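For reference, the structure discussed in these notes is given below.
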Amino acid sequence: MVREVNAKSILITYKNPSAWFGVKYGMNIYRGCQHGCIYCDSRSECYQIDKFEDIIVKKNAVELLKKELSRKRIKGTIGTGAMSDPYIPIENQYKLTQKTLQVIADNRYPVHITTKSNLILRDIDILQEISNIYASVAITITTADNLLAQKIEPAAPVSSDRFRAIGILSTLGINVGITMMPILPFIEDSEKNIIEIIKKANEYGAKFIYPSFGMTLRDRQRDYYYSKLDEIFPGMRNKYEKKFGNFYGCKANNMNKLKNIFDEACGKYGISTKMPSYKKKISDVQLSFLK
C-alpha cells in the first residue's frame with residue numbers, strides 16, 4: 001500500500017555532523033521500504049513503522065526542502081538513505097529524490113546518499129553538479145553472489161548491477177564506495193565473500209568500503225528475520241538461537257580474523273576503510289594550501 005502525506009518538516013538537524021558520513025541534516029522522503037531485505041533493522045518497534053512494506057510518501061518534500069534550506073545559516077551535508085532507501089522502485093513514479101537533489105544542487109549544499117539501487121544512475125547529471133561542492137554515494141553490498149543477494153534482498157537490484165553502478169559513478173568522478181553491512185552470521189561471513197567484494201570494489205573503482213561484521217536483531221526485526229530464515233535457509237534459525245539468544249548485537253563468526261583479512265585486502269588495493277565526509281574534504285583542501 002502507498003499513502004501520500006503532507007509532512008510538517010523534511011530535515012532533521014544534528015547538533016554536530018554525525019559519525020555517519022559527517023551528515024549534518026538528515027532527510028527521509030519515503031517511510032517504509034520496497035526492497036524487502038530480510039534483515040532490515042528499521043522493522044524494529046522503536047521506529048514505529050507498523051507495516052514496513054507499506055510506503056508513506058512525503059509528497060510535499062520538495063517544497064519543504066526549499067523552505068527549510070532558505071532558513072539555514074550553516075552549510076552542512078544533507079544525508080538520505082539512513083531509514084528508507086531514496087531509490088526504492090516507487091521513486092520511478094514520484095521522482096522526489098531527483099527533485100530534492102536538484103534543490104540541493106541549486107542551494108549549493110553537500111550531499112551523502114546511501115542506497116542499494118542502480119536507479120541512482122538516472123540522476124548522474126545532478127550528482128555531478130553537486131560534486132562541485134561535495135557529493136558522496138555509498139552503495140550497500142553484502143555479498144558478491146547474485147543468487148544469494150536475491151534471497152536476502154529480494155526486491156533490490158542484484159549485486160552485479162550495483163557494482164556496475166559504482167563503476168559508472170566512479171568513472172564520472174563521484175566519490176563512491178560501499179557500505180558492506182550487515183554481514184550476516186553463518187550466511188555471508190566467509191573469507192571468500194569478503195575478499196570477492198573487495199576485488200570487485202577495486203575492479204569497479206570504489207573509493208572506500210565501510211564494513212560491519214555482524215548484524216542487529218531485536219523484537220519485530222528478529223521475528224521477521226527468523227521467519228525468513230525458516231523459509232529460505234531451513235535449520236539456520238537454530239544456529240542463531242543457540243549462539244545469540246536475545247542479544248541485540250550478533251557478531252560474525254571469526255570476526256577479528258575477517259577484519260584483518262578485510263584491512264589487508266583493502267590496503268593491497270588502496271581502498272579506504274573510513275567514511276569520507278565534507279568536513280574531511282575541506283580539511284584536506286586547507287592542508288594543501290599550507291604545504
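The values are calculated or read from the model by the stated rules, or taken from the named source; none is laboratory data. From a predicted model like this one, the values you see are computed outputs, not experimental measurements. Note that each Cβ is placed from the backbone with ideal geometry, even for glycine, and that neighbours are counted across all protein chains shown.
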Checklist entry - Does the range 258-275 hold any residues that are surrounded by 14 or more Cβ atoms within 10 Å (Cβ to Cβ) and either within 30 Å of Arg222 (Cβ to Cβ) or at pLDDT below 95 (or both), and which are they? => result Leu258, Lys259, Ile261, Phe262, Thr273, Met275
Item to check | Matching residues, the range 166-178, being surrounded by fewer than 23 Cβ atoms within 10 Å (Cβ to Cβ) and either of a type in the set (A, V, I, L, M) or part of a strand (DSSP E or B) (or both) | outcome: Ile168, Leu172, Ile174, Asn175
Checklist entry - Which of the following residues is in contact with a helix residue (DSSP H, G or I) (Cβ under 6 Å, 6 or more places away or on another chain) and hydroxyl-bearing (Ser, Thr, Tyr): Tyr109, Tyr94, Tyr87? => result Tyr87
Checklist outcome for this item: Contact list, first residue from the range 86-97 and among the acidic types (Asp, Glu), second anywhere and crowded, with 21+ Cβ neighbours inside 10 Å and at pLDDT 95 or above, beta-carbon distance below 9 Å, six or more apart or interchain, is Glu91/Ile29; Glu91/Tyr30; Glu91/Asp85; Glu91/Thr97; Glu91/Ser117
Checklist outcome for this item: Taking the range 179-188 and the residues there that are more than 14 Å from the chain's Cα centre (by Cα) and crowded, with 18+ Cβ neighbours inside 10 Å, the one that is farthest from Trp20 (Cα to Cα) would be Ile187
Checklist entry - Residues in the range 222-232: is at least one closer than 21 Å to Val137 by Cα and small (Gly, Ala, Ser)? => result no
Checklist outcome for this item: Result of the Cβ filter at 8 Å on the range 157-180, keeping first residues that are on the phi > 0 side of the Ramachandran plot and partners that are assigned to a helix (DSSP H, G or I), at least 6 apart or interchain, is Gly173/Gln128
Item to check | Only one of Ala149, Ala138 that is modelled with pLDDT of 95 or more, under 23 Å from Ala265 (Cβ atoms), part of a helix (DSSP H, G or I) and among the small types (Gly, Ala, Ser) | outcome: Ala149
Next on the checklist: Looking at Glu203, Glu264, Glu241, can you tell me which residue is more than 25 Å from the chain's Cα centre (by Cα) and either closer than 28 Å to Lys151 by Cα or without any contact (Cβ under 8 Å) to a residue 12 or more places away in the chain (or both)?
Outcome noted: Glu241
